[in-house]
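Before any comments, here is the structure.
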Amino acid sequence: MTQTAIIGAGVMGETLLSGLVRAGRRVDHLLVGEKRVDRAHELEERYGVTVVSNLEAARRADTVALVVKPQDMASVLEEIAPELRQGQLIVSLAAGITTAYIESRVPAGIAVVRVMPNTPALVDEGMAAISSGSHCDETHLAEAESLMASTGRVLRIPEKQQDAVTAISGSGPAYIFFVVESMIEAGVHLGLPRATSTELVIQTLFGSAKMLRETGTHPTVLREQVTSPGGTTASALRELEIHKVRAAFLAAMEAARDRSRALAEDA
């Protein structure tokens, strides 16, 4: 089995690590690059994994997962590039950073796969979109899929679609949480205890998502099934249309896409 290193032990880095461990990846085939001594001890105790410097992680690994902030990518690549070699695979989970950006900063010929994950990976319900760089083959893509499948679903897409994916699924959980927060507050405003409103909204969200996945029915059809002519739902949906909620979602996701594009330019 190949040696895999995770450089960057923040929330998403630990999420990937814990997913791999739960999926049966042997800890003696896993390395973590982490400079903070207290964080290193914490991960070693929690997972039994070996924590090393970024340089040693790059030197020893066959696959290097870069789970760092976009603004930190340049400095991390500069640090580890001397230890990288042909035959290795780099899997980048940094928003907005292109495979070309990474390829230009590492030795020629190294395979790079770009990934856009999202935070439901914390509960093994993530959605990850992966795209291949110039030097990838099926083996590299399959390895990246295997890594990300430990935390949820994986979809292969052309890299030109990654900024849109960032706007939809990468940032998407925040939109859902925003809607849930708003519905809970509305319930309190309408006279419900906060705990009651919270349970009603979360279970409604969970059940609706399960209906979408398990029935395969188009959301428009499901919405219409709830919407009786002249009824309460129709009145509520009319207000959402008056306030241009649909247009607001489009504008929000266009803004997220544009910011994803700008991150690569700012890096």
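So here's what we get for this one:
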| quantity | calculated |
| --- | --- |
| Only listed residue being closer than 18 Å to Asp163 by Cα and either part of a helix (DSSP H, G or I) or in contact with a strand residue (DSSP E or B) (Cβ under 8 Å, 6 or more places away or on another chain) (or both), chosen from Leu222, Leu250 | Leu250 |
| Residue ranges of strands (runs of 3 or more DSSP E) in segment 2-64 with at least 3 members open to solvent by less than 20 Å² (accessible area, probe 1.4 Å) and touching a residue at least 12 places away in the same chain (Cβ under 8 Å) | 4-7, 30-33 |
| Residue satisfying all of: in segment 137-147; of a type outside the set (D, E, K, R) and in contact with a Leu (Cβ under 8 Å, 6 or more places away or on another chain); surrounded by the fewest Cβ atoms within 10 Å (Cβ to Cβ) among these | His140 |
| Residue that is nearest to Ala255 (Cα to Cα) [pool: residues in segment 162-218 that are small (Gly, Ala, Ser) and buried (at least 16 other Cβ atoms within 10 Å of the Cβ)] | Ala167 |
| Residues of segment 63-72 satisfying the condition of being at pLDDT 95 or above and not β-branched (Val, Ile, Thr) | Ala65, Leu66 |
| Residues (of a type outside the set (A, V, I, L, M, F, W, C) and open to solvent by 90 Å² or more (accessible area, probe 1.4 Å)) located in segment 219-244 | Arg223, Glu224, Gln225, Pro229, Thr232, Arg238, Glu241, His243, Lys244 |
| Ala174 being more than 17 Å from the chain's Cα centre (by Cα), on the phi < 0 side of the Ramachandran plot and free of Cβ contacts under 8 Å to residues at least 60 places away in the same chain | no |
| Residue selected from segment 104-128 under the condition open to solvent by 20 Å² or more (accessible area, probe 1.4 Å), in a helix (DSSP H, G or I) and not polar (S, T, N, Q), by the criterion modelled with the highest pLDDT | Pro120 |
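The values are calculated or read from the model by the stated rules, or taken from the named source; none is laboratory data. For clarity, every value in this text was computed on a predicted model and none was experimentally measured. Cβ: placed from backbone, ideal geometry, glycine included. Neighbour counts: every protein chain shown. The protein model used for the area step is the full one, side chains on, heavy atoms only, and it has no ligands, DNA or RNA in it. Shrake-Rupley method; radii C 1.70, N 1.55, O 1.52, S 1.80 Å.
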